[in-house]
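K.L.:
Would you mind keeping the following structure in view while I ask a few things?
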């Protein structure tokens, strides 16, 4: 696979605070690369270094094999980005904002392309409205349109769902997936919403206190045996005694008359449910929790 | 005999003095008659102001005069500058129209020409002029130099040259020498641009500063009957 | 580069607050013109009382040229402050809006961005000066007519002939543009340090006001530093209304202002090239 972005030995210290320490990673064409970390883990500093906003103390960044530094910002011609809040020129229209960033891309971008990206992000018909009249979700979409305007090969999206409501988050997720699948974009996605990353990312890098603690394919990281399953019941006083003999009892981590929590492979859930029903336990709900989150919490829990 | 001689000498001196006083008055009367024949004029003039603290280019304009003392300099919409109000450039300063006392100061040479000096003292107590001394070219019946002393504005000295309009006692050139007071405005008000080439300081700081105004009369239109409205 | 400059100008001139400056210049000019129509003669009599004791002045002294000069004198402090509104906002305003980080993710160098902001600031300053020429000079000429112009310096009285004035105004406005370029570069320099436009705008204003006071105070201590203050040279436009015009001094002033401009610009680029954008 062709490497799109290679970071090597990136470090940054603000006064005495080591924000990012010795980070290496490679993003290959077609990947959706999730950057995970708690608040303050160094995700934003790392992304800003990748985009030339913050200068690393040491390390190198290569886009498409070409080294990126202060004097050579040309690789950014093929990169589009959203950085945290969707801040734009609020006193201008969405289309005006697009025109401005199109010009800054140093490429001849026809007006047709602008309407095209507005269509992609679902802002058609609102392009002439002033941005100050946009909702947060619309602003995020416009931010994505700006990132896409010059048809970049790599999209760097830093917290693209920040401040959005559940519907907005879902829409943005769909949009990113579509960009990956249909537009064949390589995407670096930073988020603290693990569930979102798990649903979108093919690969992930977990940062903790400025250090890389895990990198790899999401499928490999998520252990299918480590789903946290929560089963809600109507009150069953003798529950612990009655399930003690069940083959899955060894996976139970917590048990009350109204709830059983266990760590187990998803495939076992139907058997457990059948067992409980056969016992006369009335199950009201089963929830299988994301294991990436579990994995992440395990890794980052000091 | 000695007494007779003394008496004769005294009578002769008195007669001589009386004869000269009469001549000065006559001379003044003749001058006045000559000057008063011009009731008004309009003259194209060039005015050059040479004053330490003033930078004024050559001013071209039209000078209007109407007897006895109306005068106006018009510069086709431009700004005209004349010396202080109490000293008009009219010849009435030199040959006042009111009652005056004439004192004959005798003959002298001025610029190589023989002249007669007269002291003219206005009898009017309200006059701003203390006295005027005039140097008269008797042969041409023209005032060639004048020195006026005022009560409040120092002295004013004038040189007058005549040519084509000498018959009307109208000069072709007047040069006025005048005493000047200091001119100073606070820099905080004017916010001067300090251009490193300020007006050179006057070495005679404590002495009164002198300035000159030179007026060249290019042509005259005499006695055209100028209306008073021209001077409003 | 031209396209980027056009975009920058588009951003400046699409903002309503940009026009506050134009409105203020027009308002001050019109107020002075109005005041001059009613009380101009008394104002002149007061200013000329020293010289009027010795000379009488007749003719249209209160004319458009003089009124324009009085307006320019009054706006001496204000125009730099209005320029600071845009210059101080150039980088800090974008940082505050959050657009700076987005702009800097595009393939343009930071030096280019500073230069574009600087050029746009100059064009804004030029537009303001042209507007000043229209409202201060041409409208004064319309209201009061043309005439010879008197210019009273602290120790000199100057009279300029009517036909010898317009070129002086053109050169004076040209010099003012050079001076305003220094203000643009100063305000952009301060703007590079801040994340909010208020700070650099206020700091630019404070620097201009304080240095202008120092430039005008007649105290021996300040006289030593005056030649090195850019505010001392910013009033070089007045030199064109002197007689003879002190071209050498004006040239020197322009050189000082140009040096300040280049200095501020180099410092801005040097600092901004190393600045981490955390906003």
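K.L.:
Can you tell me the alpha carbon radius of gyration of the protein assembly as shown divided by the globular rule-of-thumb value 2.2 N^0.38 Å?
P.N.:
That works out to 1.63 for the protein assembly as shown.
K.L.:
Of B:136, A:283, B:51, how do they rank once you tally other Cβ atoms within 10 Å and put the fewest first?
P.N.:
Final ranking by Cβ density, sparse to dense: A:283, B:51, B:136.
K.L.:
Also, I was wondering about something else. Using the alpha carbon gyration tensor of segment A:1-95, what are the three equivalent-ellipsoid semi-axes (square root of 5 times each eigenvalue), largest first, in whole Å?
P.N.:
22, 19, 14
K.L.:
Taking the Cβ of each residue in A:134, B:168 as the centre, tally the other Cβ atoms inside 10 Å and list the residues starting with the fewest.
P.N.:
Listing A:134, B:168 from fewest to most nearby Cβ atoms yields B:168, A:134.
K.L.:
May I ask for the Kirkwood hydrodynamic radius of segment A:175-256, worked out over all distinct Cα pairs and given in angstroms to one decimal?
P.N.:
Computed over segment A:175-256, the radius equals 16.5 Å.
K.L.:
What is the percent of Cα-Cα separations in segment C:1-112 that go past 16 Å?
P.N.:
Counting pairs separated by more than 16 Å, the tail of P(r) holds 71 percent.
K.L.:
By count of other Cβ within 10 Å, fewest leading, how are A:60, A:284, A:204 ordered?
P.N.:
So the residues, fewest neighbours to most, are A:284, A:60, A:204.
K.L.:
Moving to a separate point now. Translational D (Stokes-Einstein, µm²/s) of chain C at 20 °C and 1.002 mPa s when Rh comes from the Kirkwood sum over C-alpha pairs?
P.N.:
For these conditions, the coefficient is 107 µm²/s.
K.L.:
Against the 2.2 N^0.38 Å scaling, with N counting residues, where does segment A:68-176 land? I'd like the Cα-based Rg ratio to two decimal places.
P.N.:
Rounded to two decimals, the normalised Rg is 1.03.
K.L.:
Against the longest principal axis of chain C, how steep is helix C:198-216, in degrees 0 to 90 to the nearest 10, with axes from Cα atoms?
P.N.:
30
K.L.:
Roughly what % antiparallel, to the nearest 5, for the DSSP beta bridges in the protein assembly as shown?
P.N.:
DSSP beta bridges in the protein assembly as shown are roughly 85 percent antiparallel.
K.L.:
Take every Cα pair under 8 Å in chain A that's 6+ residues apart, average their separations, divide by the length, and report that relative contact order as a whole percent.
P.N.:
Relative contact order for chain A comes out at 20 percent.
K.L.:
Let me ask you something else. What 222 nm value per residue comes from the helices of chain A, counting each DSSP H run with n ≥ 4 as -39,500 (n - 2.57) and dividing by all residues, nearest 500 deg cm²/dmol?
P.N.:
One gets -9000 deg cm²/dmol as the mean residue ellipticity at 222 nm.
K.L.:
Take every Cα pair under 8 Å in segment A:224-299 that's 6+ residues apart, average their separations, divide by the length, and report that relative contact order as a whole percent.
P.N.:
In percent, rounded to a whole number, it is 46.
K.L.:
Checking a compactness column here: for segment A:224-299, what do you get for Rg(Cα) / (2.2 N^0.38 Å), N being the number of residues?
P.N.:
1.07
K.L.:
So for segment A:5-221, what are the equivalent ellipsoid semi-axes in whole Å, largest first, each being the square root of 5 times an eigenvalue of the Cα gyration tensor?
P.N.:
28, 19, 16
K.L.:
Work out, in µm²/s and without decimals, the Stokes-Einstein translational diffusion coefficient of segment C:136-245 at 10 °C, 1.306 mPa s, Rh from Kirkwood over C-alpha pairs.
P.N.:
Estimated diffusion coefficient is 97 µm²/s.
K.L.:
Who wins for biggest fluctuation among A:112, A:43, A:185 in a Gaussian network model of chain A, springs between alpha carbons below 10 Å?
P.N.:
A:112
Each value in this text was obtained by applying a stated rule to the coordinates, not by laboratory testing. Note that the coordinates shown come from a computational prediction; the quantities given were computed from them, not determined experimentally. Note that each Cβ is placed from the backbone with ideal geometry, even for glycine, and that neighbours are counted across all protein chains shown.
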